[in-house]
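A.B. asks: Take this structure first; my questions come after.
Quick note: the coordinates plus some simple rules give every number you see, no bench work behind them. Please read these numbers as outputs of a predicted model, since none were measured by experiment. Positions of Cβ are backbone-derived with ideal geometry, glycine not excepted, and every protein chain shown enters the neighbour counts.
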Amino acid sequence: MGEQSGGNGDTPGRGQDWAAIVFVVYVAACFAMVSVCAKIAFQGGSNALSALVIRSVLTLAALIVFFAWRKVPMALPPRQRYAAWILGIIFCGNNLGMFAALETLPAPLAVLIFYTAPIMVALVEWAMGHRKMTAFSVVALLLAFCGLGLALNAGQHAINLAGAAWATFSAVCFTAVLVLSGRLFPSGDSRPRTLHMIAAASVLFVLGSTVSAGFAWPNTSLAWLGIAGVSLFYALAVTGMFAAVARVGAGRTAQILNVEPVLVVVLSYLILKDAITLTQLAGIALVLASVWALERNQPAPAPAVAAAARD
């Protein structure tokens, strides 16, 4: 999307707007596939640290090769490079927090707590004066959160406080990445800065693995396929996420990413043959309806905010 809205009539740019929404849903699907592929890898002998290290290194290598093939510039000015490294470090906190939560919490609870991030993003942008918070927005966000609880069947599980703290930490880090990326990089090509972020994260994960005895290689071909899927979909998801933030803003990106855990449930049913209940289907419908309502009733941002949120 460019800066011109295009279109005719009372809804300028509606076609481009919905194209951007579809793109963010695609990003959410890629993130969901990361979770599904990680589960396949863990079932074949791998673990969280192994998945993080292999995923980061393979993703970094693949992006370098792809950028060289497509002749995408990889260098960044010093200020942008340092900012990308900082975001990469924060993103490490997001990843580590989520995997630590998964070690002590059932996956549905961990994902549900993590997905308080869209509410955090909305509140931060409202506090900064970059977003207009309406009663409708608050109600829709809360309904989406309730829908996530139903879709993930979270009420069936007991809460571990340490795991909940890790999942909350992961959500805070993800919120910081979304908000800061929209402010530090309001425009321009998102690909080189994503490369530098992943490079910083890879260095930290590799350093962490050298002082840990918990590294475990996959021991089945299916587990290796899972690791490969984690790396592929992670690269697509992260690159797409930062492109989405630059195009539609951090707040709207976080809102639409609410469909990710719903997609996790659906993809787990289709790929992993996990059961899906009527309660989960009701939650999925509530989440999708809330996200759709938020998009239909999104107030127009102030001109300065709109300019900062687009390429």
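A.B. asks: Return the inverse of the average 1/r over all pairs of distinct C-alpha atoms in the chain, which is the Kirkwood hydrodynamic radius, in Å to one decimal.
C.D. replies: So the Kirkwood estimate lands at 19.9 Å.
A.B. asks: Counting Lys +1, Arg +1, Asp -1, Glu -1, what net charge surrounds Val238 among other residues with beta carbon under 12 Å of its beta carbon?
C.D. replies: Counting the neighbours of Val238, the net charge comes to +3.
A.B. asks: Hey, what do the phi angles of the stretch 124-141 turn into as Karplus ³J(HN,Hα) couplings, whole Hz, using 6.51/-1.76/1.60 and θ = phi - 60°, x for Gly and Pro?
C.D. replies: My calculation for the stretch 124-141 gives 5, 5, 5, 5, 7, x, 9, 8, 8, 8, 10, 4, 4, 4, 4, 4, 5, 5 Hz in order.
A.B. asks: Setting aside same-chain residues fewer than 8 positions from Lys273, which lysines have a Cα under 19 Å from its Cα?
C.D. replies: Candidates past the 8-residue exclusion: Lys39.
A.B. asks: If you take the square roots of the eigenvalues of the alpha-carbon gyration tensor of the stretch 19-92 and sort them as a ≥ b ≥ c, do you get rounded (a/c under 1.5), prolate (a/b over b/c) or oblate?
C.D. replies: Cα axes put the stretch 19-92 in the prolate bin.
A.B. asks: Right, next: In 5 Å bins starting at 0, how do the alpha-carbon pair distances of the stretch 107-196 split up by percent?
C.D. replies: Answer for the stretch 107-196: a P(r) of 3, 13, 18, 19, 18, 14, 10, 4, 1, 0 percent.
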